[in-house]
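As C-alpha cells, the structure follows; a few thoughts come after it.
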2 protein chains.
Amino acid sequence: MASRPYLPVAINMRHRSAVIIGAGEPAYFKTLLLADFGISITVIACDISDIDDRFSEFENHELVQLVRREYGPDLLHGHYMAVIATGDRETDYAIEADARGQGLLVNVVDDPDHCDFFASAYVRHGVVSVAVSSGGASPGFTAALKDDIAARYGPEIEAHLGCYLEWRALVRSQIQQFSDREHFWRELRSAGLYDVLREQGPEIARELVERRLVEWTKTRG
Amino acid sequence: MASRPYLPVAINMRHRSAVIIGAGEPAYFKTLLLADFGISITVIACDISDIDDRFSEFENHELVQLVRREYGPDLLHGHYMAVIATGDRETDYAIEADARGQGLLVNVVDDPDHCDFFASAYVRHGVVSVAVSSGGASPGFTAALKDDIAARYGPEIEAHLGCYLEWRALVRSQIQQFSDREHFWRELRSAGLYDVLREQGPEIARELVERRLVEWTKTRG
C-alpha cells in the first residue's frame with residue numbers, strides 16, 4: 001500500500017477555467033503548465049505579489065488573461081480550480097478558505113497539506129501525456145525520471161495513438177459486442193501489438209490487426 | 001495546444017475517502033485502483049447493481065467496506081470522491097446530481113462528459129507512479145504504452161527515489177538558500193545525474209553529488 005494516497009488522474013477541464021492568485025515565479029510556471037494543456041487561465045497580479053517578467057510572453061495569448069487588481073473573493077467566481085501563490089502564506093491561507101468555500105479545487109503552491117492536487121512532471125505529445133509523481137516526495141527525482149521518459153518516448157507516441165484510433169474504427173465495424181471488442185483488444189495486447197508497431201512500423205502492425213480480425217470473425221462471427 | 005484540456009495531476013486523498021455506488025465489474029476495477037493507492041473506499045451494493053464475484057477478495061481488506069443497502073444521498077456524506085457505476089445511466093445521473101450538490105469529485109464510469117477526472121493507466125512502485133493518459137481517446141493505446149513503460153521502469157525506480165531523498169538531505173545540510181539549492185539541482189540534472197544512477201549505480205552517483213557539492217561550496221560558500 002502506498003503511504004501517500006495520491007491518486008494519479010487527469011482532471012477534466014473542458015469548459016472549465018483556472019484562476020491563479022499571484023504573479024511571481026511559481027505562478028508563472030503554473031501558467032505555463034495549464035496553458036500547455038489548453039486550459040483558460042486568469043492570473044491575478046494582486047498588490048502583494050511581484051509580477052514575473054516572463055508574463056509578458058502571454059501578452060496576446062488566447063488562454064491567459066493577466067488582471068492587475070487587488071484580491072477579492074469575487075475574483076474566484078466561476079472558476080473550477082485555484083492556484084494560490086501570493087508569496088505570503090497568511091494571505092494564501094485566507095484566499096484558500098475563500099476558494100474552498102466556493103467549492104474550487106485548490107493548490108497552494110509548495111504546501112502539500114493545503115493542496116487538493118499536485119501537478120506532475122510530464123511528457124506530452126498531442127493528447128498523449130505521461131505523468132510522473134512521487135507524491136511530492138522529491139521534485140528533483142520526478143524531474144529526472146520525466147527527462148528519462150522524454151528521451152525514450154518522443155512525438156511518435158502521438159502517431160501511435162493515431163494508429164490505434166484507426167484500428168479501433170476497423171474493429172468496431174466488424175465486432176458488434178462491446179465485451180467481445182474488449183476481449184479482442186486484450187488478445188492483441190498479449191500478441192505484442194504495440195511492440196510490433198514500435199519496432200516494425202504501422203503497416204506490419206495493421207496487418208497483425210487485420211489477420212487477427214479475420215481469425216476472430218471466422219471462429220466466432 | 002491540446003484539444004482535450006485534461007490535466008494530469010495527483011489528487012491528494014490524505015484523510016479523504018471515496019464512495020463507489022454500484023458493485024459490478026467497473027466498480028470492482030475502480031476499487032482495485034483506489035485500494036492500490038491506499039485510499040479508503042466504501043462500495044455501495046445497491047438494489048439495482050449486480051455484485052461482481054471478485055469483491056470477495058476484499059472481504060477482510062482494511063481499506064474496503066462493502067455495504068449492501070439501497071442508495072440514498074446520505075451515503076455520500078463525508079466522502080471526497082464518488083465513482084458512480086450502478087449499471088443504469090438514469091440512476092447514475094440522479095446520483096451524480098446528489099454528489100455534485102454535496103461538492104464531491106465525480107466519475108460516472110465510461111461517461112467522459114459526466115466525469116471530473118479520469119483514471120490513468122499507470123505503473124506504480126512505492127510512492128512513485130508513472131501515469132499514461134490519452135484524454136480518454138483510446139484506452140487500448142494507453143494500456144499498451146503503459147505496458148511498454150512498465151517493462152522499462154521496474155522496482156528500481158523506488159530505490160532511485162530513495163537515493164534522491166538521501167542526497168536531498170545532504171544538499172540541504174550544505175546549501176542554505178532554497179533558490180541556491182534549486183540551482184544546484186538543475187546543474188546536477190544537466191550533468192546527467194540520473195543517467196549515472198541508472199547506468200553506474202548509487203555509489204558512483206553519490207560521488208558525483210558530493211564532488212559537485214564540494215565545488216559549489218568552494219566557489220560560492
Out of all the residues in segment B:1-55, which are surrounded by fewer than 21 Cβ atoms within 10 Å (Cβ to Cβ), among the hydroxyl-bearing types (Ser, Thr, Tyr), within 20 Å of residue B:105 (Cα to Cα) and within 14 Å of another protein chain (Cβ to nearest Cβ)?
B:17, B:40
Residue pairs within 9 Å by beta carbon, gap of at least six or interchain, first lying in segment A:158-177 and closer than 23 Å to residue B:133 by Cβ, second loosely packed, with under 15 Cβ neighbours inside 10 Å and of a type in the set (Gly, Ala, Ser), listed first then second, are none
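Residues checked against (1) facing chain B (nearest Cβ under 7 Å); (2) on the phi > 0 side of the Ramachandran plot; (3) among the hydroxyl-bearing types (Ser, Thr, Tyr):
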{"position": "A:94", "(1), (2), (3)": "no, no, no"}
{"position": "A:103", "(1), (2), (3)": "yes, yes, no"}
{"position": "A:119", "(1), (2), (3)": "yes, no, no"}
{"position": "A:133", "(1), (2), (3)": "yes, no, yes"}
{"position": "A:145", "(1), (2), (3)": "yes, no, no"}
Among strands (runs of 3 or more DSSP E) completely within segment A:27-120, the ones holding 2 or more residues that are under 15 Å from residue A:13 (Cβ atoms) are A:40-45, A:81-84, A:105-108, A:117-119
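Just so you know, all these numbers are worked out from the coordinates, no wet-lab data involved. Given the structure is predicted, the values throughout are model-derived calculations rather than measurements. Virtual Cβ from ideal backbone geometry, glycine too; neighbours counted across all protein chains shown.
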